[in-house]
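Shown next, in structure tokens, is the structure this report addresses.
The values are calculated or read from the model by the stated rules, or taken from the named source; none is laboratory data. As the structure is a computational prediction, the values presented were derived from the model and not from experiment. So basically every Cβ, Gly included, is an ideal-geometry build from the backbone, and we count neighbours across all protein chains shown.
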Amino acid sequence: MPVLNSDIARSLEKLADLIELEGGNPFRIRAYRTAARVVGELPRNVLAMTTAGEDLAELPGIGKDLAGKIETLAETGHIAVLDEMEKKTPPGLLALLDVPGLGPKRVRIIYDHLGIRSLSDLATAAKSGKIRGLPGFGEKTEQRILQEAEKRAGAAARIKRPVAEDVAEPLLRYIRGAEGVKEGAIAGSYRRRKETVGDLDIVVAATRGPEVIERFVAYEDVAQILARGPTRSSVVLRNGMQVDLRVVSAANYGAALMYFTGSKAHNIALRGIAAARGLKLNEYGLFDGTRRVAGRTEEEVYRVFALPYIEPELREDHGEIEAARQGRLPHLVTPADIRGDLHVHTSESDGRASLSDMVKAARTRGYAYMAISDHSKRVTVAHGLDAKRLARQSDKIARLNETLSDFTVLRSVEVDILEDGSLDLPNEALAGLDFAVGAIHSAFDLPRDKQTSRLLKAMDNPHVAVLAHPTGRLIEQRGAYDLDIERVLAGARERGCALEVNGQPDRLDLNEWHCRLAKEMGVKLVLSTDAHSVAELGFMRYAVDQARRGWLESDNILNTRDLAGFRASLRR
Ligand code: DGT
Ligand code: CA
Ligand code: CA
């Protein structure tokens with residue numbers, strides 16, 4: 001990735017912040033801030049300038065020393081002085097600097113007066129009203145700080161799925177290597193396939209607990225042992241993730257797995273059912289007095305309650321027990337149901353793989369079709385396509401299709417929805433495609449009514465068959481744009497437009513509630529990866545997870561159909 005001028009400016013700003021935080025020389029601080037501004041406003045890329053032999057020291061406010069630093073930043077993305085400053089500043093203070101409304105001056109005041117050096121300290125102090133009395137702060141500022149601190153403290157603590165999986169799966173394999181281990185699983189929110197997980201909960205059935213625990217705490221990634229007993233242990237891994245391990249006997253593995261899978265609310269509801277029957281349910285089994293009546297498997301426990309097996313994704317006490325009782329649990333969609341991916345980028349816009357590499361990978365996945373939907377021209381950072389380049393890509397796809405017998409590449413585009421709801425490409429350009437995917441990439445902060453009408457108007461265009469990442473949220477970074485989701489869903493149904501469940505792990509948009517609402521309202525959905533590389537085609541799994549948590553069945557999803565069925569579902 002090339003280093004952008006804005007990256008360089010940000011590094012210089014950061015350096016100024018850290019020096020200021022340290023109480024350093026005000027002239028130095030000002031020099032770095034000036035340099036950041038100058039670089040940020042340059043009309044051309046710094047690297048391009050230096051390569052062309054231009055002398056940065058001739059820029060206003062930039063001396064020889066600074067010019068050297070800027071050049072190093074442009075070439076490598078780093079400078080030693082910033083790396084060192086970052087290393088010696090406590091990580092908590094760095095996080096404080098990122099809280100909006102809290103620059104270095106205020107962090108310094110908070111630190112000097114209250115000794116605060118982390119987001120959670122900050123939240124606690126704000127909650128107890130200690131911030132408002134500080135010089136330059138008031139009640140309003142305190143409230144704003146509290147909101148931000150809580151948001152960020154929470155955000156830092158939860159882990160996105162790919163990160164959790166990278167850690168959890170090898171760790172489980174390692175633990176299963178201990179002697180006497182019969183079964184093992186990662187339970188908790190991980191097994192319920194939530195968007196993010198707080199910590200990992202591992203349950204293992206084994207004959208000898210202490211040996212499993214010993215192997216667990218000796219894992220090379222363990223940074224700290226929080227607790228260690230004969231059958232349970234908690235550790236913190238080097239990446240800061242906590243892992244709880246519980247070792248049980250095979251006779252109560254099902255009950256333990258059920259307990260630690262949760263959710264807590266689901267468990268409580270099940271315990272209520274047990275109590276109503278004069279039984280007792282806990283992590284050791286289902287008991288009638290002291291006699292164990294079930295516990296070897298989860299199915300066994302549900303069976304005693306006269307319930308069918310309830311998939312972990314549904315165990316939230318969101319109506320699943322009622323549905324199970326009435327025999328109307330959904331037949332959840334599975335990865336094997338998916339016949340194609342409907343939102344994929346190539347190197348023609350901002351993807352990292354070529355058309356033919358993406359197609360090859362999609363065929364390897366066993367798909368029957370895949371839609372190529374690169375960005376449209378308005379998204380300039382993504383090198384979006386204009387009508388001409390799009391037509392050329394279409395021709396290329398048509399030629400490619402002639403060489404493929406068992407696979408079809410669909411011609412699509414991720415057409416940008418402009419602020420007034422019109423589209424970034426003319427109808428003639430869209431008419432040459434199989435369908436278009438509409439998406440918003442700007443003006444996220446329109447008022448609710450405008451944003452809603454914008455989406456409805458975009459869906460008025462009959463070429464737009466899918467609305468991509470409909471709410472625009474980025475998990476723990478950016479909320480959904482303000483919109484009336486029920487009006488959008490109703491509008492989609494009227495117009496025969498499908499809504500996307502985007503599998504990017506920081507999007508997962510629609511969320512589970514929207515999926516359920518869409519299903520109830522009879523809106524069709526598609527599961528897509530929005531892949532920008534071959535590896536990201538694997539994000540389909542996350543889209544399926546989200547769909548399952550949203551109670552979706554394969555019937556609700558258009559890309560579970562074969563090609564003819566999918567084509568027939570397209571508008572017109
Ligand atoms: P997380 O880690 O925040 O993403 O969410 P979970 O669901 O993994 O929660 P965690 O790790 O605190 O606990 C794992 C499971 O253990 C939880 O889903 C249900 C069970 N559990 C934990 N504490 C309690 C409790 O006080 N009562 C009951 N019934 N179950 C509990
Ligand atoms: Ca957990
Ligand atoms: Ca836990």
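For this structure, a couple of remarks:
- Selection from the stretch 188-219 of residues that are touching a Ser or Thr at 6+ places or on another chain (Cβ under 6 Å) and within 7 Å of ligand 1 (Cβ to nearest atom): 197
- The stretch 220-251, subset free of Cβ contacts under 8 Å to residues at least 12 places away in the same chain and either closer than 12 Å to residue 203 by Cβ or of a type in the set (A, V, I, L, M) (or both), residue nearest to ligand 1 (Cβ to nearest atom): 227
- Condition met for residue 260 (within 15 Å of ligand 3 (Cβ to nearest atom) and closer than 27 Å to residue 475 by Cβ): yes
- Failed item, numbered, when residue 351 is tested on (1) farther than 29 Å from residue 499 by Cβ; (2) of a type outside the set (Ser, Thr, Tyr); (3) modelled with pLDDT under 95: (1)
- Looking only at the stretch 182-200, and only at residues there that are touching a Lys or Arg at 6+ places or on another chain (Cβ under 9 Å) and among the hydrophobic types (A, V, I, L, M, F, W, C), the one that is farthest from ligand 3 (Cβ to nearest atom): 185
- Residues (surrounded by fewer than 16 Cβ atoms within 10 Å (Cβ to Cβ) and of a type in the set (Phe, Trp, Tyr)) located in the stretch 476-515: 513
- The listed residues are 269, 276, and the only one of them that is surrounded by fewer than 20 Cβ atoms within 10 Å (Cβ to Cβ), over 23 Å from residue 231 (Cβ atoms), aliphatic (A, V, I, L, M) and out of contact with any Asp or Glu (no Cβ under 9 Å at 6 or more places or on another chain) turns out to be 276.
- Residue in the stretch 283-291 that is surrounded by 15 or more Cβ atoms within 10 Å (Cβ to Cβ), within 11 Å of ligand 1 (Cβ to nearest atom) and hydrophobic (A, V, I, L, M, F, W, C) present: no
- Candidates in the stretch 543-572 are the residues that are of a type in the set (Asp, Glu) and part of a helix (DSSP H, G or I); of these, the one that is surrounded by the fewest Cβ atoms within 10 Å (Cβ to Cβ) is 555.
- Checking the stretch 513-527 against the condition returns no match, with no residue being closer than 21 Å to residue 312 by Cα, assigned by TED's automatic domain parsing to the domain that holds residue 436 and touching a Ser or Thr at 6+ places or on another chain (Cβ under 6 Å).
- Residues of the stretch 253-303 classified as touching a residue at least 24 places away in the same chain (Cβ under 8 Å) and under 36 Å from the mean Cα position of the chain (by Cα), total: 29
- Screening residue 160 with (1) within 16 Å of ligand 1 (Cβ to nearest atom); (2) over 30 Å from residue 540 (Cβ atoms) gives one miss only, at (2).
- Residue within the stretch 164-172 that is in contact (Cβ under 8 Å) with a residue 40 or more places away in the chain, more than 16 Å from ligand 3 (Cβ to nearest atom) and of a type outside the set (Lys, Arg) present: no
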